[in-house]
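Structure first, commentary second.
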Amino acid sequence: MMIDTAAASMPVRTLPSVPWMEIPGVRAVVWALGRNRVRFVGGCVRDHLIGRSSLDVDSATDHLPEESLKLLREARIRVEPIGIEHGTVVAITDSGQFQITTLRQDVETDGRHATVAFTNDWAQDAARRDFTINAMSVDPDGRLYDPVGGIDDLDLGCVRFIGDPKERIREDVLRILRFFRFTAWYGRAAPDTAGALACAQAADQIRNLSGERISAELR
């Protein structure tokens, strides 16, 4: 799926406060990586917009993983290359652990795992995500970016796949379980019709998931 690069680079609003920026460890990570090179993604953004507190502070950066490691270590922040082959490192601070993942695009998928290429394009990274409410990001100054309409879906309580639901599930069958988990947490009406239909049609593929992954999603 292609997303207009301008939509991913222009903020739609500025939040009056970014509570996770008050966490000393988060501030240290931002200082090390550069305020204009990192944005917050995932749970902290979704939850803040609907008034929930969240300690799940993940971020994305256009630094390559090795550069993130170097900058964090130079700032005397302990960092582990957990998942570095997929672009993720973990900063370990007195305030907690924080994942930082390099912007990515999928090169190939096998129904569960993806081969990725790193990019500096926020639009490409947003396009590979599963749901619209997961493609929003916030920079350290509180500017909110929403290239695929995640804010409107979050307000409506609608969990909606980005692009064609069938294609997104073909890329990763785990998204069937994620669809219903996110609908349980954020939905306020019947599940999105197109998403639910695509999940039903691909339901037999769940047997290809490991027991550990199924258990983790259900819990």
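The values are calculated or read from the model by the stated rules, or taken from the named source; none is laboratory data. Note that the structure is predicted; figures quoted are calculated from it, not measured. Please note: Cβ atoms are built from the backbone with ideal geometry, for glycine as well, and neighbour counts cover all protein chains shown. These area figures cover heavy atoms from the full protein model, side chains too; ligands, DNA and RNA do not enter into them. Shrake-Rupley method; radii C 1.70, N 1.55, O 1.52, S 1.80 Å.
Data overview
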{"read-out": "Computed over the range 68-137: relative contact order in percent, which uses C-alpha pairs under 8 Å that are six or more apart", "value": "18"}
{"read-out": "Set of the range 12-51 residues, backbone N closer than 14 Å to the point 7 Å along the Cα-Cβ line of N120", "value": "36-38"}
{"read-out": "Label point distance in nm, E22-Q97, each placed 7 Å from Cα along Cα→Cβ", "value": "2.6"}
{"read-out": "Accessible-area ranking of W20, W185, largest first, probe 1.4 Å", "value": "W185, W20"}
{"read-out": "Residues whose placed amide H lies under 5 Å from that of V12, excluding near-sequence neighbours", "value": "L144, Y145, D146"}
{"read-out": "Shape of the range 89-169, Cα gyration tensor, a/c cut at 1.5", "value": "oblate"}
{"read-out": "Ranked by how many other beta carbons lie within 10 Å on average, peptides 31-43, 133-145 from highest", "value": "133-145, 31-43"}
{"read-out": "Cα-only radius of gyration and Dmax that characterise the range 15-73, units Å", "value": "12.0, 35"}
{"read-out": "Loop sites in the range 151-215: trypsin sites (Lys or Arg not before Pro), DSSP, at most 16 other Cβ within 10 Å", "value": "R188"}
{"read-out": "Carbon + sulfur, % of accessible area of the chain - ligands and nucleic acids excluded, 1.4 Å", "value": "50"}
{"read-out": "The chain: relative contact order in percent, alpha carbon pairs under 8 Å with at least 6 residues between", "value": "21"}
{"read-out": "Sequence-separation-based contact order of the range 86-213, relative, with Cα cut under 8 Å and 6+ spacing, percent", "value": "18"}
{"read-out": "Lys/Arg +1, Asp/Glu -1 at C-beta; the chain dipole; positive extreme among V45, T93, A75", "value": "T93"}
{"read-out": "In sequence order, calculated HN-Hα J values of the range 65-73 (Karplus, 6.51, -1.76, 1.60; Hz; x Gly/Pro)", "value": "x, 5, 5, 4, 4, 4, 5, 5, 5"}
{"read-out": "Debye log10 I(q)/I(0) for the chain, one point scatterer per Cα, at q = 0.15, 0.16, 0.17, 0.18 Å⁻¹", "value": "-1.03, -1.17, -1.32, -1.45"}
{"read-out": "In Å², nearest 10: area of S53 left accessible to a 1.4 Å probe", "value": "110"}
{"read-out": "Residues whose placed amide H lies under 5 Å from that of F131, excluding near-sequence neighbours", "value": "I162"}
{"read-out": "Estimated vicinal HN-Hα couplings, Hz - the range 203-219 in sequence order (Karplus 6.51, -1.76, 1.60; Gly, Pro = x)", "value": "4, 5, 6, 4, 4, 7, 7, 6, x, 5, 5, 4, 4, 4, 5, 5, 7"}
{"read-out": "Residues whose placed amide H lies under 5 Å from that of D58, excluding near-sequence neighbours", "value": "V41, G43, C44"}
{"read-out": "Pairwise label distance in nanometres, L55 with E85, each label 7 Å out on the Cα-Cβ vector", "value": "3.1"}
